[in-house]
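The values are calculated or read from the model by the stated rules, or taken from the named source; none is laboratory data. Because the structure is predicted, anything quoted here is derived from the model rather than measured. A quick note on method: Cβ atoms are made from the backbone with ideal geometry, for glycine too, and the neighbour counts reach across all protein chains shown. These accessible areas exclude ligands, DNA and RNA; they are computed on the full protein's heavy atoms, side chains included. Shrake-Rupley method; radii C 1.70, N 1.55, O 1.52, S 1.80 Å.
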Amino acid sequence: MLHYFIYYRVNPAFEAEAAAAVEQIQFGIESETNIVGRLLRKREEPQLWMEVYEDAPAGDAFEAILNQAVEKSGFARFLQPGSGRKTECFQG
C-alpha cells in the first residue's frame, strides 16, 4: 500500500476557496476509490497545508484520479505565487 503526503502553501487571500476546493477534491477521490483524504495545516505556519491519502493501491491509477481531481478544481489559482503542490509517496 502507498501513502501520499501532498504539501503546498495557500495564498491567504483565497483560504476559504482553497478549503472548499480541497473538500471537493477529497470527495471526488473518495467517491472513486473509497480512500478518505485528510487536510492538515501546519501549526506555526497556517498557510502551509498537507493533504494525506493513505492505503492507496500501488500503480498509477490513484495518482491519475488525484491529478484529474486537482486539475478539475483549478486548484493552482489558490497557491501562493511561486508555490506548487509537492507530493511525497511512502510505502508501508
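Data for the structure
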item	result
Sequence of L48, L66 from largest to smallest accessible area, 1.4 Å probe	L48, L66
Accessible surface of the chain, 1.4 Å probe, proportion on carbon and sulfur as whole %	52
Gyration tensor (Cα) of the chain, equivalent ellipsoid semi-axes in angstrom	22, 14, 11
For segment 1-43: rounded, prolate or oblate by the Cα gyration tensor [a/c cutoff 1.5]	oblate
Per residue accessible area in Å² of the chain, where ligands, DNA and RNA are left out and the probe is 1.4 Å	61
Total charge dipole magnitude, the chain, about the Cα centre, Cβ charges on Lys, Arg, Asp, Glu only, Debye to nearest 20	340
The chain: calculated mean residue ellipticity at 222 nm from DSSP helix runs of at least 4, using -39500 (n - 2.57)	-11500 deg cm²/dmol
